[in-house]
Amino acid sequence: MKPISPVSRSGRFAGGPAVEVAQFTESISFDRRLWRHDIQGSIAHATMLAKIGVLTKKELLAMVRGLNQITKEIAAGKFKWKPELEDVHMNIETELTRRVPAGAKLHTARSRNDQVALDMRMWLRDEIVALLGEIADLQRALVSLGEKNSDVLIPGYTHLQRAQPVYLAHHLLAYVEMLERDCERLWDCHSRVNVCPFGSGALAGSTLPLKRELVAKLLGFVDAKGKVQLTQNSMDAVSDRDFAVEFCAAAALLAVHLSRLSEDLILWASTEFSFIKIADAYTTGSSMMPQKKNPDVAELARGKTGRVIGNLVALLTLLKGLPMTYNRDLQEDKERLFDTADAMRTTTRLMAAMLKNTKVNKAACAAAASDPALLATDLADYLVRKGLPFRRAHHVVGAVVALAEKAGKPLNRLTLAELQSVDPVTGTEVFGRGALGVFDLQRAMAKRNLTGAPGTKEVAKQLARWREQLS
Ligand code: ARG
């Protein structure tokens, strides 16, 4: 890196920064990815400067032409980024001015402080929209897997102990619900990202008669009703990174959801469960054990959560002690934000792809779901229908379970006499011939018809609702 002096030091400084200072303070190595939005912002700003008479029409045209040329070169990978020019903003402006002398007017009433806030907001808007698309695709993959296996029952678990039977689709739709809340949070966050800070200057606006509304409109900073969204305090506008924190928080919760889904898939893919088989292309091998097929995509998805939560904590920590207004500390926001956005987009996409390439082992699921102990609560409900207080019913069924365990048979193999024997006082009154019918799994599933319950009709209804909503 040559110790060249960027325009920001012109006049005031005796020379360029020390080489190690230039290296320590540069951000071009990571903020260059904001280039497209930086150029869009510059074109809008220049258009407005021409409107208020700071630029002539000719100057504006030359600058726009120059910026379009630079756009093409960057897109083609031909642009020469110069680390000694610190960041994306100065690289583009300096190169423009070298080609078009009027470029020297571009920074009128603009600071890198409001410029970087603008670029990040524009970049993040696009990122959120793209992430929402990936999430919807993952939701569709979950719904499809549920539909393809709509008759498959598995045990539902609490404490990772078998609890009650559920449709596999019901389990998968639980994640669709979580992901929908993630989408809502991201959209909500989008509305606060989508506010234009341009015109805030370094911290105190400008004495020139800028047209903030015009720039905001040109850059699409309008709400759903078409109302222009402008920041209302210049000091807040240049130092605010809440929008980045909010995105990282929403993304962290999304990461937690994907991590939980991963954990379920990893368990289900184990020999012990064998509920699913992930296609070879979405698994990896072991360098030593030839028989291994590992669910590394799911494990990495689970692992990404660490860095995404870390990025959120890093941003909060970065902001907590900052005096008003812009401080260079804020340059540290970018890598955390970029890292979270990248991690979540790839993870969400890979999870969807993996699910599209996953098969359900119906026999293993059926074997697990046919455990009659899963219907012990149904037997208690049967007793409640016969008039027993639930606490009493719970106790009686507990005794039935203990008896079955002692007799070494599954619950549904007990005889009516055995059922009745657990409670000599009321046993014969409460256990009738229908008692053993409780263990008919299909009938049991048909009975679970509350809204949100894993019943046959209800799950079909929910699958159809999601199919419709996601189409
Ligand atoms: N690279 C800087 C950042 O990312 C741009 C703003 C610099 N502003 C300044 N006054 N030094 O925050």
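Nothing in this text is a laboratory measurement; each read-out follows from the coordinates by a stated rule. Model, not experiment: these values are computed from the prediction. Because the Cβ atoms are built from the backbone with ideal geometry, glycine has one as well, and the counts that use them run over all protein chains shown.
What fraction, in whole percent, of alpha-carbon pairs in the stretch 367-471 exceed 19 Å separation? Everything past 19 Å amounts to 48 percent.
Here the sum of -39500 (n - 2.57) over DSSP H runs of 4 or more residues, divided by the residues of the chain, equals -19000 deg cm²/dmol at 222 nm, to the nearest 500. Please list, in chain and number order, the residues 5+ apart from GLY156 or on another chain whose amide H is under 5 Å from its amide H, with Hs placed from the backbone. Here the answer is ALA163, GLN164, VAL166, since their amide H atoms fall under 5 Å of that of GLY156. Extending 7 Å from Cα along the Cβ direction at LEU208 and again at ALA417 yields two label points whose distance is 10.0 nm.
Straight-line cross-link reach from LYS461 at under 28 Å between alpha-carbon atoms covers these lysines, not counting any fewer than eight positions away in the same chain: LYS148, LYS277, LYS356, LYS359, LYS362, LYS447. Using Cβ point charges alone (K and R +1, D and E -1), the dipole size of the stretch 290-418 about the Cα centre works out to roughly 380 debye. Measuring r between the beta carbons of LYS58 and ASN233 and using R0 = 35 Å, the FRET efficiency lands at 0.45. Would you work out the Kirkwood radius for the stretch 1-60? I mean one over the mean of 1/r across all pairs of different Cα atoms, in Å. About 14.2 Å, per the Kirkwood formula over Cα pairs.
Simple point charges give the picture: +1 on the Cβ of Lys and Arg, -1 on the Cβ of Asp and Glu, and for the stretch 423-470 a dipole about the Cα centre of about 320 debye. Using the Cβ-Cβ distance between GLU177 and ASP151 with R0 = 25 Å, the FRET efficiency computed as 1/(1 + (r/R0)^6) comes to roughly 0.70. The order of the peptides 313-325, 156-168 by mean Cβ neighbours within 10 Å, most packed first, is 156-168, 313-325.
The lysines whose alpha-carbon is closer than 19 Å to the alpha-carbon of LYS105, local same-chain residues fewer than 8 away aside, are LYS51, LYS57, LYS58, LYS211.
Considering all projection directions equally, how large on average is the shadow of the alpha-carbon convex hull of the stretch 326-383, in square nanometres?
The directionally averaged projection comes out at 8.9 nm².
Listing LYS304, LYS227, LYS148 from fewest to most neighbouring C-beta atoms within 10 Å gives LYS227, LYS148, LYS304. In terms of overall dimensions, the C-alpha atoms belonging to the chain reach 100, 55, 40 Å along their principal axes, ordered largest to smallest.
Were the residues from GLN469 through ASP223 laid out at 0.36 nm apart, the gain over their Cα-Cα distance would be 86.2 nm.
A Cβ-based charge dipole, computed about the Cα centre of the chain with Lys and Arg at +1 and Asp and Glu at -1, lands at about 1000 debye.
State the extension gain, in nm to one decimal, for the chain segment bounded by VAL21 and GLN161, taking 0.36 nm per residue of separation less the distance between their alpha-carbons.
Roughly 44.6 nm would be gained on extension.
Please report how far the C-alpha centroid of the stretch 387-461 lies from that of the stretch 70-127, rounded to the nearest whole angstrom. Taking the Cα centre of the stretch 70-127 as reference, the centre of the stretch 387-461 is 71 Å away. A Stokes-Einstein calculation at 4 °C with viscosity 1.567 mPa s, built on the Kirkwood radius of the stretch 144-279 over Cα pairs, returns a diffusion coefficient of 69 µm²/s. The base-10 log of I(q)/I(0) for the stretch 194-349, evaluated at q = 0.08, 0.16, 0.17 Å⁻¹, reads -0.39, -0.95, -1.01 [Debye formula, identical scatterers on Cα atoms, solvent excluded]. Scattering from the stretch 110-173 was approximated by placing one identical point on each alpha carbon and applying the Debye formula without solvent; log10 I(q)/I(0) at 0.19 1/Å stands at -0.78.
With the simple spin-label model, which puts each label point 7 Å out from Cα in the Cβ direction, the THR428 to HIS395 separation comes to 2.2 nm.
Sorted from greatest to least, the principal axis extents spanned by the alpha carbons of the stretch 30-97 come out as 34, 21, 18 Å.
Shown here: the stretch 259-359, whose C-alpha atoms stretch 58, 28, 21 Å along the first, second and third principal axes, sorted largest to smallest.
The stretch between LYS362 and LYS406, if pulled fully straight at 0.36 nm per residue, gains 12.7 nm over its current Cα-Cα span.
Please compute the Kirkwood hydrodynamic radius of the stretch 298-440 from all pairs of different C-alpha atoms, in Å with one decimal.
20.5 Å
Principal semi-axes of the equivalent ellipsoid, √(5λ) from the alpha carbon gyration tensor of the stretch 50-129, are 21, 17, 14 Å from largest down. For the stretch 84-214, the normalised intensity computed at q = 0.09, 0.20, 0.21 Å⁻¹ comes to -0.52, -1.14, -1.18 (log10 of I(q)/I(0), Debye sum over alpha carbons, equal scatterers, no solvent).
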